[in-house]
Amino acid sequence: NAKKHGRNQVHWYHTGYEGQANRRLDKNQLLHQAVKLNNFEVHVQPRINCRSGEIQALECLVRIPQADGQLLYPGAFIELAEQNGLIRQIDSYMLKYALRQLNDWLQQGIEPLPLAVNLSVQSINDALIELLSQWQMKNADVFEYLEIELTEHKLPENDDQFAETLANIREFNIRLALDDFGTGYANLSRLPELPFQMLKLDRSFITELPHSEKQQAVVKSVIDLCMTLGIQVIAEGIETEEELTVINDLGCSYIQGFVYAKPKIITNIEDWIAGKKLTEQ
Ligand code: C2E
Ligand code: MG
Ligand code: MG
Ligand code: MG
């Protein structure tokens, strides 16, 4: 019986492992296919200035439409794409999308809403600088409205090449945001040396906020330091009025979150730009 049980265990383990490997293979293929066909959907989520109610920028977020009509969200594929190298092509798709959109608005004589794209560290490379240089010759005005977000906990330390590329990006006058602040070491001492104009407080900071005075003190000190350094703070993932009130009271007036709007496909964007205010929802 023990023997049989043991064999079953091995068998179970075996199929479990294979199942996992297969799913990974499937997702790998799905990613390759998506990249090959440019099968992406771009959703945008507004960042709001709570005081004025104005939309300050739109963050572009990638999704993959699947055969069954469902969307695959980044949480399910960014890590794999970073492992198999496809992230460069995904990021490049998103960046080109944003640049083209900004260019279209400018061509139409519309004052664009700034667009923010998320780039993985692998995409901070020479090819990026090359792409930006090409756009500089085509229409350098787009850079005024472009923002690049980089996730805090994935930033390399003491990487001269990386630091130099960031500096190159800044030479185009593109704004940089330190994303998901708080998911890593939330290293405040590093802030002065990094070339970021914006810092996005991760939702993990926010959820505890209404009920924890300690957490409020931590967030307050981040906000105060950023103010001293001239870094704009944006609170991410604000879902409730309660969270909104607390974060406003701590001195942060820029927020992104479901409380105002969920990410969605760009339609009627001209209406948003015209009003620059979020009237729906
Ligand atoms: P992120 O840059 O921090 O983007 C914010 C994420 O939080 C988005 O998830 C958004 O849908 C979600 N969110 C916004 N408001 C709320 C809220 O009130 N409550 C909660 N619970 N969540 C909220 P999404 O779109 O699934 O993206 C996840 C992450 O994937 C992004 O986090 C970003 O790091 C990464 N990502 C998205 N698009 C790209 C891309 O084109 N390239 C790269 N490299 N990474 C991307
Ligand atoms: Mg982001
Ligand atoms: Mg974030
Ligand atoms: Mg996040």
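Below is a table of values for the structure above.
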read-out	value
Spherically averaged projected area of the range 67-208 from its Cα convex hull (nm²)	10.7 nm²
P(r) tail fraction, the chain - alpha-carbon pairs more than 35 Å apart, %	24 percent
Mean separation of Cα contacts under 8 Å (6+ apart) over length of the chain, as relative contact order %	18 percent
The range 134-281 shape via C-alpha gyration tensor axes, a/c threshold 1.5	oblate
Three-way shape call for the range 210-249 based on the alpha-carbon gyration tensor, with the a/c threshold at 1.5	oblate
Relative contact order for the range 123-266, counting Cα pairs under 8 Å that sit 6 or more residues apart, in percent	18 percent
Shape of the range 28-126, Cα gyration tensor, a/c cut at 1.5	prolate
For the range 110-162, radius of gyration divided by Kirkwood radius, i.e. Rg to Rh on alpha-carbons	1.02
Protein-only accessible surface order, largest first, of H32, H43, H211 at 1.4 Å	H211, H32, H43
Relative contact order computed over the range 11-169 (Cα-Cα under 8 Å; 6+ residues apart), in percent	18 percent
Hypothetical label at D159: residues of the range 196-237 whose amide nitrogen lies under 20 Å (7 Å Cα-Cβ projection)	196-200
Most mobile listed residue (G257, G182, G109) in the chain, GNM with C-alpha springs under 10 Å	G109
Cβ-based net charge around A186, under 13 Å, with every Lys or Arg adding one and every Asp or Glu removing one	-2
Span from the the range 92-137 Cα centroid across to the the range 172-209 one, whole angstrom	22 Å
Accessible solvent surface per residue of the chain, calculated while the other protein chains remain in place, 1.4 angstrom probe, Å²	53 Å²
DSSP-defined beta bridges in the chain - what % are antiparallel, rounded to 5	45 percent
Accessible area of the chain belonging to carbon and sulfur atoms, whole % at 1.4 Å probe	48 percent
Charge sum, other residues only, whose C-beta stays under 10 Å from Q216's C-beta, Lys/Arg counted +1 and Asp/Glu -1	-1
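The values are calculated or read from the model by the stated rules, or taken from the named source; none is laboratory data. Here the structure is a predicted model, which is why all the values come from computation and not from measurement. Cβ sites come from the backbone with ideal geometry, for glycine too, and all protein chains shown count toward neighbours. Areas reflect the complete protein model, heavy atoms only, side chains present, ligands, DNA and RNA absent. Shrake-Rupley method; radii C 1.70, N 1.55, O 1.52, S 1.80 Å.
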